[in-house]
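Take a look at the structure below.
The values are calculated or read from the model by the stated rules, or taken from the named source; none is laboratory data. Remember, it's a predicted structure, so these values are computed and weren't measured experimentally. Glycine also receives a Cβ, built like all others from the backbone with ideal geometry; neighbour counts cover every protein chain displayed. Accessible surface areas use protein heavy atoms only, side chains included; no ligands, DNA or RNA. Shrake-Rupley method; radii C 1.70, N 1.55, O 1.52, S 1.80 Å.
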Amino acid sequence: MKYGKEVTNDSPIDRGFRSPTGVISGRITYDGTGYAKPDVVVKLKRDASVDLQPSRSLLFKGSDDSYIETDEEMTLTSDFTVQMYVRPTEMTEKKEATLFSTGNYRLGLTADGKPRFSSDGGTSYLVLDTVLPTNSFSHLTATRQDGTLSLYVTDVNGEKTATGKGTFTSAGSKVVVGKGYKGYIDEIRLWNRALTAAEIKRTFVVSLTASSAGFSC
C-alpha cells in the first residue's frame, strides 16, 4: 500500500443501538508481514442513500404486511429474556397482536391490550392483568428460566408482574416483530439469560451497549 492511497470497504455488519457510539479495534498491516502500518487514518461514513432517523421508534400499522422479519433463523437458549418499549395506538378494531415471535414463543397483546406470553405456539398464554396505555411507552419484559415464564411491565407508575409455567423448545426460526400490531415498538433487546427483577428495573431507563453481559442483540 502506498502512502496517500485511499481504500474503501463496506461494513459487512449493520447493527443499531440506542446509544450512537461504538469502538473500532484492529490494525492496518503491510501485505503478508503482519507488521502494523503507521500513520493510517480510518474514517467511517454512512451511506447517503440510507435515510437514518436517530431516536425514532418503529410504527406498525396493524395490517398483514406491516411487520419486520430477520433474514436468518435464530435459536433461543433455554433461559432468555426479551425486552422492548411498546406504545399501542388507539384502535378502532381491536384484535390480538404479536409483538415478538420465534419458534414456539409468542409475545403479544390480547384483543383488549393486555400483554401475554406463550411457549407452546399460542395454545396457552400467560396473561398480565394490565392494559398498556396508548399515551405513553411501557417497558415490556418476558423471561423464561427453569421452566417458568414471567411477564413484567414497567412504566411511570411502577411495575406489574405475572408468572406461570412454560415448556421449552430449541427449534430455530426467523424472528418476527409487530405482526398484527398497531402502534410503536422501540429498543428491542434479546438476552441469552433470564434477567432478575432488579436487573429489569435497572434496564427500564438505561441505554445498553453490545458489551452488556448476556446481551445478544
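Take the conditions of a type outside the set (A, V, I, L, M, F, W, C), in contact with a His (Cβ under 8 Å, 6 or more places away or on another chain) and open to solvent by less than 20 Å² (accessible area, probe 1.4 Å) and apply them to THR154. Does it pass? In short, yes. Quick check on my filter: what residues within the range 31-50 are open to solvent by 90 Å² or more (accessible area, probe 1.4 Å), at pLDDT 70 or above and either hydroxyl-bearing (Ser, Thr, Tyr) or under 14 Å from THR8 (Cβ atoms) (or both)? Passing the criteria: TYR35, VAL41, VAL42, LYS43, LEU44, LYS45. If you go through the range 3-26 and keep only what is basic (Lys, Arg) and at pLDDT 70 or above, you end up with just LYS5. Is it the case that ARG106 is out of contact with any helix residue (DSSP H, G or I) (no Cβ under 7 Å at 6 or more places or on another chain) and open to solvent by less than 40 Å² (accessible area, probe 1.4 Å)? Criteria not met by ARG106.
As a summary of the residue check, GLU69 satisfies the conditions (1) at pLDDT 90 or above; (2) over 20 Å from GLU159 (Cα atoms); (3) surrounded by 19 or more Cβ atoms within 10 Å (Cβ to Cβ) except for the one numbered (3). How many of the residues in the range 123-139 are out of contact with any Pro (no Cβ under 7 Å at 6 or more places or on another chain) and open to solvent by less than 30 Å² (accessible area, probe 1.4 Å)? Going through the range 123-139 one residue at a time, the tally reaches 4. So in the range 99-139, with the set limited to residues that are more than 18 Å from the chain's Cα centre (by Cα) and not in a loop (DSSP other than H, G, I, E, B), which one is farthest from LYS165 (Cα to Cα)? Result: VAL127.
For the range 199-217, the count of residues that are at pLDDT 90 or above and open to solvent by less than 60 Å² (accessible area, probe 1.4 Å) is zero. Just to be sure I understand, how many residues within the range 140-151 are in a loop (DSSP other than H, G, I, E, B) and open to solvent by 20 Å² or more (accessible area, probe 1.4 Å)? Result for the range 140-151: 1.
When restricted to residues that are modelled with pLDDT under 80 and either open to solvent by less than 30 Å² (accessible area, probe 1.4 Å) or assigned to a loop (DSSP other than H, G, I, E, B) (or both), the range 159-182 contains 9.
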